[in-house]
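Below is one structure; the comments refer to it alone.
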Amino acid sequence: MTTGATAAAGLEGVVATSSKICYLDGERGVLAYCGYDIHDLARSATFEEVCYLLWHRRLPTRAELGDLQSELARARLLPEPIVRMMRSLPPEHTMDAVRTLVSALAHHDPDVGDDAPPASMRKAVRLTAQVGTLVATLGRLAAGGAPMLPDPVLGHAANFLYMLRGERPSALAGRAFDVALMLHADHELNASTFAARVAAATLTDIHSAIVAGVATLKGPLHGGANAEVMKMLETIGEDADDDRVVATVRGMLARKQKVPGFGHRVYRTEDPRATHLRQMSRDLGRQANNTRWFEISQRIEAVMKAEKQIDVNVDFYSASTYHTLGIAVDLFTPIFVVSRVAGWTAHVLEQYANNRLIRPRAEYIGPEYPQTFVPIASR
Ligand code: ACO
């Protein structure tokens, strides 16, 4: 006995909602936010402009962008109880801390209990600002440093690096991180965005929906993959010769292990985000006088292409990029949150604006119906 339909494994190819936010063409390798090609945005926009675009579905005027920048800068300071809570959490599980602290932020939000559209929009802006501070401060504490106050003069990306490292980043590093944030800001109905939309469709509050997104992003098949890439690179080792690089990849494939940073549910060609991250990894490596991680990454990419015809995804070169920016591996997935919170909140607001409960069906493949109930005394 079944519900009459067959389940699509992993919902592959299923169109589950309509959305005006993100256009994705996996065959041609196209990614566009509200119609704007990701390559144009990566070349010319800023993360704040992309936030405005995702939330309002049009590019801001100079005045609108200025207002948003000020709003974000004002919202960067964390409530004191959140900083105390941050210090009380085990330092080694940063993504767990981010999940817990995003949830805790709801209690201290000035609009708590108000889920009307203007309040939810204000919460989206605050969450985006606060998550940057949260992740930078977690990173700073884990490295034994004292929390930094945000610098209101700096943009979102540069301020993040400043709060994390305690010094203003170079122009190249600041711009590279800004582009990285833009590239990760949205990606249609990926697993974490779907989770956030499913939560939002029950009309729960925006913080709860974003917690669902964070929890889902954490997995190694999704946002956790960038950290796995760096762990793989470190296992190979900076001084490894070519044979070792090739043998490591071939060994993983022979053991039927997934090589992190490769493959994608939608793209059948290069992930357009990877094009920028590859270049960034190379440029930052050159600036730091160490292109070794970039070269090893390139070699892994060539082996994967030759052996499996699989392309890199967004996570592959973000690993060497973040590492060269001096960011600890534990922060790689939290940094994904710093960016994707913009996309999640945009999707949650879109879901609220045209809501219907998301409640699909399952193909039943359990024991035949009806079974005869045997009382416990007779079992
Ligand atoms: N390494 C080796 N083989 C791979 C990889 C990989 N990274 N990815 C896919 N394949 C192979 C599979 O073994 C399978 O081969 P087969 O048909 O011979 O068995 C085929 O490609 C299809 O793979 P699936 O896992 O069925 O593809 P799916 O669409 O379900 O998964 C996913 C996509 C999860 C991204 C997968 O490619 C993967 O696990 N990649 C590694 C983890 C990763 O990088 N995740 C980040 C994705 S991007 C993001 O979430 C931000």
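Full extension of the chain segment joining ALA7 with HIS39 gains 8.0 nm, where the gain is 0.36 nm per residue of separation less the Cα-Cα distance.
If you take every residue apart from LEU221 with its C-beta less than 13 Å away from the C-beta of LEU221, what net charge results, scoring Lys and Arg +1 and Asp and Glu -1? Mind dumping the intermediate values first?
Numbers: positive: LYS218, LYS258, ARG265; negative: GLU228, ASP315.
Result for the local shell: +1.
Using the Cβ of ALA191 as centre and a radius below 13 Å, the other residues enclosed give a net charge of +2, where K and R count +1 and D and E count -1.
Kindly rank 312-322, 270-280, 200-210, 285-295 from highest to lowest mean number of other beta carbons found within 10 Å of each residue. Show your work: numbers first, answer last.
On the way: 312-322: 27.7, 270-280: 22.6, 200-210: 20.6, 285-295: 16.5.
By packing density, highest mean first, the sequence is 312-322, 270-280, 200-210, 285-295.
Computed across the chain, the Kirkwood radius stands at 21.8 Å (inverse of mean 1/r, all Cα pairs). Net length available on complete extension from ARG168 to SER18 is 49.9 nm, with 0.36 nm assigned per residue and the Cα-Cα distance removed. For ARG84 and ARG28, a Förster radius of 51 Å and the Cβ-Cβ distance give a FRET efficiency of 0.55, rounded to the nearest 0.05. Working from label points 7 Å from Cα in the Cα-to-Cβ sense, the ILE310 to SER70 distance is 5.0 nm. Since only CYS22, SER103, MET182 are under comparison, the one whose Cα sits farthest along the positive direction of the charge dipole of the chain, derived from C-beta charges on Lys, Arg, Asp and Glu, is SER103. Listed by chain and number, the lysines placed with their C-alpha closer than 18 angstrom to that of LYS308 are LYS256, LYS258; residues fewer than eight positions away on the same chain are left out.
Using the Kirkwood radius built from alpha carbon pairs, what does the Stokes-Einstein equation give as D for segment 204-300 at 10 °C and 1.306 mPa s, in µm² per second?
Numbers: Rh = 15.4 Å.
Estimated diffusion coefficient is 103 µm²/s.
Each Lys and Arg Cβ is given +1 and each Asp and Glu Cβ -1; about its Cα centre, the chain then shows a dipole of about 340 debye. Report the residues of segment 34-52 in range of a label on GLU270: point 7 Å along Cα→C-beta, backbone N strictly under 14 Å from it. Zone members listed by number: 39.
Report the Rg/Rh value for segment 1-115, based on alpha-carbon coordinates and the Kirkwood definition of Rh. Can you show the working numbers first?
Working: Rg = 20.0 Å, Rh = 18.4 Å.
Dividing the radius of gyration by the Kirkwood radius yields 1.09.
Qualifying GluC sites (Glu not before Pro) in segment 20-53, where qualification requires a DSSP coil assignment and no more than 13 other C-beta atoms within 10 Å, comprise GLU27.
Can you give me the relative contact order of segment 225-324 as a percent, contacts being Cα pairs under 8 Å and 6 or more apart? Can you show the working numbers first?
On the way: 115 pairs, mean separation 42.6, N = 100.
43 percent.
Taking the charge dipole of the chain about its Cα centre, with +1 at Lys and Arg Cβ atoms and -1 at Asp and Glu Cβ atoms, the residue from ALA63, MET85, MET232 reaching farthest to the positive side is MET85. For LEU77 and ALA377, the FRET efficiency from 1/(1 + (r/R0)^6), where r spans their Cβ atoms and R0 equals 51 Å, is about 0.20. Here the dipole of segment 225-324 is about 380 debye; that uses its Cα centre as origin and unit charges on the Cβ of Lys and Arg (positive) and Asp and Glu (negative). Kindly list the residues of segment 205-241 that lie in the label zone of ARG299, defined by a backbone N under 18 Å from the point 7 Å along the Cα-to-C-beta vector. Zone members listed by number: 229-241. Using a Gaussian network model of the chain whose springs link C-alpha atoms within less than 10 Å, name the residue from ASP25, ASP241, ASP151 with the highest mean-square fluctuation. The residue that fluctuates most here is ASP241. Pairs of Cα atoms nearer than 8 Å and 6+ residues apart set the relative contact order; for the chain it is 25 percent. The residue list VAL245, VAL312, ALA377 was ranked by how far each Cα lies along the charge dipole of the chain toward its positive end, using unit charges on Cβ atoms, and ALA377 comes out on top.
Taking 8 Å as the Cα distance limit and 6 or more residues as the minimum spacing, I'd like the relative contact order of segment 46-138 as a percentage. If you can, show how the numbers build up before the last one.
Values: 56 pairs, mean separation 31.2, N = 93.
The value is 34 percent.
Any read-out appearing in this document is the output of simple, stated calculations on the displayed coordinates, not a laboratory observation. As the structure is a computational prediction, the values presented were derived from the model and not from experiment. In this analysis, Cβ positions are derived from the backbone assuming ideal geometry, glycine residues included, and neighbour counts consider all displayed protein chains.
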